[in-house]
Number of protein chains: 2
Amino acid sequence: MRAAVFNGPGSIEVAERPDPIITAPTDAIVRVVLACVCGSDLWYYRGESPHAVGSIGHEFIGIVEDIGADVHGIGTGDLVISPFLYSDGSCPHCQNGATIACVAGGSFGNGEIDGGQGEAVRVPLAASTLVPVPGSGHSDEMLKSLLTLSDVMCTGHHAAKSAGVTKGDVVAVVGDGAVGLSAILASHRLGADRIIGLSRNPARQDLARAFGATDIVAQRGAAAEEAVLELTNGIGVDAALECVGTGQSMATAFAIARPGSTVGIVGVPHDVEVPFNDTFFRNVGWRGGPAPARIYIPEILDDVLDGTINPGRVFDYETDLDDVADAYAAMVERRAIKSLVRVGSV
Amino acid sequence: MRAAVFNGPGSIEVAERPDPIITAPTDAIVRVVLACVCGSDLWYYRGESPHAVGSIGHEFIGIVEDIGADVHGIGTGDLVISPFLYSDGSCPHCQNGATIACVAGGSFGNGEIDGGQGEAVRVPLAASTLVPVPGSGHSDEMLKSLLTLSDVMCTGHHAAKSAGVTKGDVVAVVGDGAVGLSAILASHRLGADRIIGLSRNPARQDLARAFGATDIVAQRGAAAEEAVLELTNGIGVDAALECVGTGQSMATAFAIARPGSTVGIVGVPHDVEVPFNDTFFRNVGWRGGPAPARIYIPEILDDVLDGTINPGRVFDYETDLDDVADAYAAMVERRAIKSLVRVGSV
């Protein structure tokens, strides 16, 4: 099959990889329909985080082509969403809701395990990993929204849940990438009363507003902190959602969080130092990390299918599989919020 | 009046300070009955944190002697518990439950404001700060338990609440000081199923068990982490409560927290670096800081008054006011878990 291959920083190409086959009775083979590029893929592409040479990508939806003997609840021909990690659903961590630490789990697109950016994927632990999508004849717009459940929408939701966003809250979202925009949509869905989006980019500001942002702060750093504090009468926000992962964005999130609140963090931390003493004395904590997407998908799926939310609007650029390198380049060069990669048909 | 005065590291003496008087209509004057020494006072005593010369101490119960014209709900002759901070109860932070950040609030015993370790205290914002104790003729044992609500018991409770301790949880408490022991009692009160106390000291181990610890780990550092992981089948605990504040204790708490859990932190951080990337990828967060004692006192008070809990057992040493310096020394030299200071009678 043809699939994206990571050859090192700055080098993504489409090459031949072995056709996936069932190797364990709990496997399924999924023919990929739509895939996309994650912000975390860019850390590898830019050489800022290590990644093995080989398969890459971890967000995809597709059609089940084959299942192992022990796969129940999913059948050939099903349209399925794959979370970005596979998990057994039964180990103590999965039972605690921390599928990200499943003792038998692992990552797609880690060099060895197939990534979503290819024609097909062998999905380990398929029955407890894949989520079948009810219905048929879904529109292209719907398919794009379903794809976001693989990672980005669940990650935005995780930022909001980690910070404890609840009805009536005042929320600020640091980061206007696809995750930040999804965090705005997630906060809106959870009933936040006021959502302050930090963004300097007019197109992203527009989408932020469409997703539920009530205020936009275009400043950065100390000026952004002042602006958010001014908008909140000096109190700070009930929930600051950190969706970037740099030292500056993290510092901003901690500074605008009101005393007693929890910062929700989903931006992968790079060169971050937490101002521990300051946050301690203000009772500002943090929670977050990689989203337990498998836990969140069923709940959010209902709202996607009935049209309550349309998270697929984060895709503003698309390529086919042959041009996947351009899908990366467009995001690195900030020509795209998030790149869709069309691989197959439903 | 006579009161403890901090003259610099290692030097506490009893000296004359001005008799407190009503200076604002929201003030009350409280004649101190019982006071005590806090673990945080020791940071100042040892010269490891700065403290202004002057009044010190912030934990006390006493009898209301006088009230300003705007103090309602509290009357002369009432036995009252004072939380270690005063607060107005009405500012946005107080309304959010973060009385520790009250815009009009402040600390007792900060060099200027009277501390509890003295014959009397002017309590600002008295109506929203002091909690009157119902009933009369309380036993000495009961008075000691009431005194713990001023800080240490509420701080242990805050560790547990910050970590989200709930019925059936497996909890580990790092630190066998009075706060750690109170955190064990608080976790037991909140319904934790299993409570692992980290302690090397036989007397403290005994009190830990009396307060509800089901397991004791006597190791420190990496060996303690291994022991807790072994006790939990390699999973880690649902709630790790950090009640010390050193780099080592913090590292232990993060290492034994299971993926997806929140470390409850109440030990004032000293030279702490959070292992941010490791905790991020395991979805281990933290919350905590100074306890909003004023919020917690009414709820815990009921369980103290009906004898459900007896947190006053943390006091294993006592002096009168004249010997307050010895009360400090006993704790610094680890001759005492926590020193009671008898000041007046009920």
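May I ask you to list the residues in region B:82-130 that are buried (at least 24 other Cβ atoms within 10 Å of the Cβ), polar (S, T, N, Q) and within 14 Å of chain A (Cβ to nearest Cβ)? Scanning region B:82-130 gives B:Ser87, B:Thr99. Taking the listed residues A:Asp238, A:Asp215, A:Asp176, the one that is farther than 25 Å from A:Ser145 by Cβ and surrounded by 24 or more Cβ atoms within 10 Å (Cβ to Cβ) is A:Asp238, with no other qualifying. If you go through region A:35-51 and keep only what is aliphatic (A, V, I, L, M) and within 24 Å of A:Asp88 (Cα to Cα), you end up with just A:Ala35.
Within region A:291-307, the set of residues being within 14 Å of chain B (Cβ to nearest Cβ) and either surrounded by fewer than 23 Cβ atoms within 10 Å (Cβ to Cβ) or not hydrophobic (A, V, I, L, M, F, W, C) (or both) comprises A:Pro292, A:Arg294, A:Ile295, A:Tyr296. Meeting the requirement of 3 or more residues that are farther than 16 Å from A:Asn310 by Cβ, the helices (runs of 4 or more DSSP H) wholly within region A:115-198 are A:126-129, A:152-162.
In region B:268-278 there is no residue that is away from chain A (no Cβ under 11 Å), in contact with a helix residue (DSSP H, G or I) (Cβ under 8 Å, 6 or more places away or on another chain) and within 15 Å of A:Phe276 (Cβ to Cβ). Can you find a residue that is more than 14 Å from chain B (Cβ to nearest Cβ), farther than 23 Å from B:Gly288 by Cα, acidic (Asp, Glu) and in a strand (DSSP E or B) anywhere in region A:224-241? Looking for residues that are more than 14 Å from chain B (Cβ to nearest Cβ), farther than 23 Å from B:Gly288 by Cα, acidic (Asp, Glu) and in a strand (DSSP E or B), one finds none in region A:224-241, hence no.
Of the strands (runs of 3 or more DSSP E) lying entirely inside region B:8-103, none contains at least 3 residues that are among the acidic types (Asp, Glu) and within 16 Å of the chain's Cα centre (by Cα).
Go through region A:253-279 and give me each residue that's among the small types (Gly, Ala, Ser) and more than 28 Å from A:Asp41 (Cβ to Cβ).
Correct list: A:Ala255, A:Ala257, A:Gly260, A:Ser261.
Only a single item in (1) under 28 Å from B:Arg17 (Cα atoms); (2) more than 13 Å from the chain's Cα centre (by Cα) is not met by B:Ser136, and it is number (1). If you go through region A:328-346 and keep only what is surrounded by 15 or more Cβ atoms within 10 Å (Cβ to Cβ) and out of contact with any helix residue (DSSP H, G or I) (no Cβ under 9 Å at 6 or more places or on another chain), you end up with just A:Ala330. Comparison of B:Val266, B:Val314, B:Val324 shows that the only residue that is more than 20 Å from A:Ile265 (Cα to Cα), at pLDDT 95 or above, surrounded by 24 or more Cβ atoms within 10 Å (Cβ to Cβ) and in contact with a His (Cβ under 8 Å, 6 or more places away or on another chain) is B:Val266. Here A:Glu59, A:Glu48, A:Glu13 are screened, and the one residue that is in contact (Cβ under 8 Å) with a residue 60 or more places away in the chain, among the charged types (D, E, K, R), surrounded by fewer than 17 Cβ atoms within 10 Å (Cβ to Cβ) and within 20 Å of A:Val343 (Cβ to Cβ) is A:Glu13. Scanning region B:204-223 for residues that are of a type in the set (A, V, I, L, M, F, W, C), more than 20 Å from the chain's Cα centre (by Cα) and in a helix (DSSP H, G or I) gives B:Ala222, B:Ala223.
Number of residues in region A:259-306 that are within 21 Å of A:Asp176 (Cα to Cα), assigned to a loop (DSSP other than H, G, I, E, B) and in contact (Cβ under 8 Å) with a residue 60 or more places away in the chain: the value is 7. For region B:307-346, a tally of residues being in a helix (DSSP H, G or I) and of a type in the set (A, V, I, L, M) returns 9. Of the residues screened, A:Gly288 is not one that is over 24 Å from A:Gln95 (Cα atoms), at the interface with chain B (Cβ under 9 Å from one of its Cβ atoms) and not aliphatic (A, V, I, L, M).
The values are calculated or read from the model by the stated rules, or taken from the named source; none is laboratory data. This one's a predicted model, so the numbers in the text were calculated from it and none came from an experiment. As a convention, Cβ positions derive from the backbone with ideal geometry for all residues, glycine included, and neighbour counts pool all protein chains shown.
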